[in-house]
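Everything on this sheet refers to the single structure shown next.
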Amino acid sequence: MTEPTQQNGQESAKDDPLAVDASPTKEFFVDTITRDIALDRALADLVDNCIDGAKRLRDATEAIGEDMAGGQRYNDLHARLTVTPEEFIVADNCGGIALDVARKYAFKFGRAAGFTETPNSVGQFGVGMKRALFKMGRRFEVKTADTQHSYRIDVDVQKWLTERSWDFRIEDLEDNTAGKIGVGTTIRCWDLYPGVSELFKQDYFRRNLVTRIRTAQQHFMRNGFAIYINDEAIIPNEWQLQTGSGIDPLHQRFEDKLGDGPPLRTRIFAGVGSSNQAQAGWYVFCNGRCIVEADQSSATGWGDIAGGGGIGIPRYHNQFSRFRGYAFLDCSKSEKLPWNTTKTGLDYEDPAYRMLIGRLVTATRPVIDFLNELDRETDLEEGDRELSTSLRGSTSTPIADLPERPAFSYSAPIRRGPALKSISYKKPESEVGQLAAKLEVRAAKDVGVRSFEYAYQRLVVEDDL
């Protein structure tokens, strides 16, 4: 058995003959935190750190979702990403990393005791930055400046893995109270792993990264925060629901106490939008960060026949392609939010999730009823399709402009005739012409209608007499 060494500042087995060394190796730890997350998601985590810096500068102490309409809270703040086969860079102007925070907290693997969390933060678990950097390449550098200091941290990953200490070193520390260097942080990673370099060459990867960041950070971009990839600005999505002509979306608000500390605030919107399979479903945001997008699974209640206090909804089906639901959960203590550690899904065991899922099912049911009615209208004549007419007369309205309403509602369809069924068949043109002459009509459609009426009169009506 090899003699254990001291790691992480803990007493080693060498100092205590009865101790058994169970400390992790660096290689194992790095491999573990980088293995189970896709590269585009890891890079999106780096933008989370920029967003938290923006929040610190703008003192975001209230529920961030109150600014859904879009505003100027983060105007003039930005994150710029450069993605090439040779290097990755993310640079922001969001306040920098304070020297004491860097020394004690920012580069630890996980959140350390004593760390003062940014209110409504999205960088909760303390692994995102390190995970992304270790996943990309063999060298990385962090340059940062706040109103007090500027400095850099340069890490040769392969060398660091062989060292006993887990520490990084601060270099080029300078006073910045005179403001010679603009506040912000630049992270650069190079000597990329071959697979990463190859991905960075691909247009599809950059497109996926744009989509990933647009979805995750759309709230903050709508409030003025600018994000660029290779000097091209990412344009945020619009959140809209159809209103008017008898169609009224749901808009509910909740405030819940989950133990001690600040409350969890939830806003839910549900209704209909354009018919789009890829965009239909639930969108769930935690402190403004989109955690699930266009979800059509049991995670947001689909197929939950007994959920929501006995209110069930079916599995997702193509006829529900107009469904749109948005749930915003905000809390100044981010550990109360029901997200998983990679911010790619919901934590099903979390009390906040168990409370949310019933609300989502209840919100979904009336919209499903409407869409089922809309689907049944396809068997009616055009003039009898009342819901279709209402939908065409409705307008797309930003959810920020929607008044509070306890449930989605719509006007019940008015039936003016029986359900209709189409009949379609083909016959030789000459025979159709001969029959048209006998029936004294010209159009092939009229031949079909008159021949049906003739057969129905002879075989049904007269037969019943």
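The values are calculated or read from the model by the stated rules, or taken from the named source; none is laboratory data. What you are looking at is a predicted structure, and each value in this text was computed from that prediction instead of being measured. A quick note on method: Cβ atoms are made from the backbone with ideal geometry, for glycine too, and the neighbour counts reach across all protein chains shown. The area values use the complete protein model at the heavy-atom level, side chains included, leaving out ligands, DNA and RNA. Shrake-Rupley method; radii C 1.70, N 1.55, O 1.52, S 1.80 Å.
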30, 461, reordered so the largest accessible area comes first (probe 1.4 Å): 461, 30
J(HN,Hα) series, the stretch 226-238, from Karplus relation 6.51 cos²θ - 1.76 cosθ + 1.60, nearest Hz, glycine and proline x: 9, 10, 10, 10, 6, 6, 9, 6, 8, 9, x, 6, 9
Selection of GluC sites (Glu not before Pro), the stretch 201-296, meeting DSSP coil and at most 14 other Cβ within 10 Å: 238
Accessible-area value, residue 156, 1.4 Å probe, nucleic acids and ligands omitted, Å²: 60 Å²
Spacing of the two label points (7 Å from each Cα toward its C-beta) at residue 437 and residue 203, in nm: 6.0 nm
Eligible lysines near residue 426 by straight Cα distance, threshold 20 Å, same-chain separation 8 or greater: 438, 445
Calculated FRET efficiency for the pair residue 277/residue 190, C-beta based, R₀ 30 Å, to 0.05: 0.15
Surface per residue (accessible, 1.4 Å probe) for the stretch 155-300, Å²: 46 Å²
Full-stretch length increase - residue 254, residue 317 - with 0.36 nm per residue and alpha-carbon distance subtracted: 19.8 nm
Computed label-point distance, nm, for sites residue 170 and residue 446 using a 7 Å Cα→Cβ extension: 9.1 nm
Within the chain, helix-based [θ] at 222 nm, where runs of 4 or more DSSP H residues each add -39,500 (n - 2.57), nearest 500: -9000 deg cm²/dmol
Area accessible to solvent at residue 298, 1.4 Å probe radius, in Å²: 90 Å²
The chain - percent of accessible surface contributed by carbon and sulfur, probe 1.4 Å: 48 percent
Accessible heavy-atom area order of 329, 161, highest first, probe of 1.4 Å: 161, 329
Cα centroid of the stretch 266-301 to Cα centroid of the stretch 368-411, whole Å: 19 Å
Of all DSSP beta bridges in the chain, antiparallel share, percent nearest 5: 85 percent
DSSP H segments from the chain that extend 24 Å or more along their own axis, Cα-based, with Kyte-Doolittle mean of 1.6 or above: none
Hypothetical label at residue 423: residues of the stretch 433-453 whose amide nitrogen lies under 16 Å (7 Å Cα-Cβ projection): 435-436, 439, 444-453
Dipole in debye (nearest 20) - the chain, about Cα centre, beta carbon charges: Lys, Arg +1; Asp, Glu -1: 480 debye
Contact order relative to length of the chain, as percent, for alpha carbon pairs under 8 angstrom and 6 or more apart: 15 percent
Estimated vicinal HN-Hα couplings, Hz - the stretch 262-278 in sequence order (Karplus 6.51, -1.76, 1.60; Gly, Pro = x): x, x, 9, 9, 10, 10, 10, 10, 8, x, 10, x, 5, 6, 7, 4, 6
At R0 = 60 Å, FRET efficiency that the Cβ-Cβ distance of residue 75 and residue 18 yields, to 0.05: 0.50
Exposure ranking of 397, 147, 162 by accessible area [1.4 Å probe, largest first]: 162, 147, 397
Cβ-derived FRET efficiency at R0 56 Å, residue 84 paired with residue 25, nearest 0.05: 0.95
Too-long pairs where the Cα-Cα distance tops 24 Å, listed order kept, from 108/336; 143/333; 135/336; 26/135; 143/336; 26/333: 143/333; 135/336; 143/336; 26/333
For residue 78, residues with placed amide H under 5 Å, excluding near neighbours: 93, 226
For the stretch 424-440 and the stretch 125-166, distance of Cα centres in Å: 81 Å
Heavy atoms of residue 374: accessible area, 1.4 Å probe, square angstrom to 10: 30 Å²
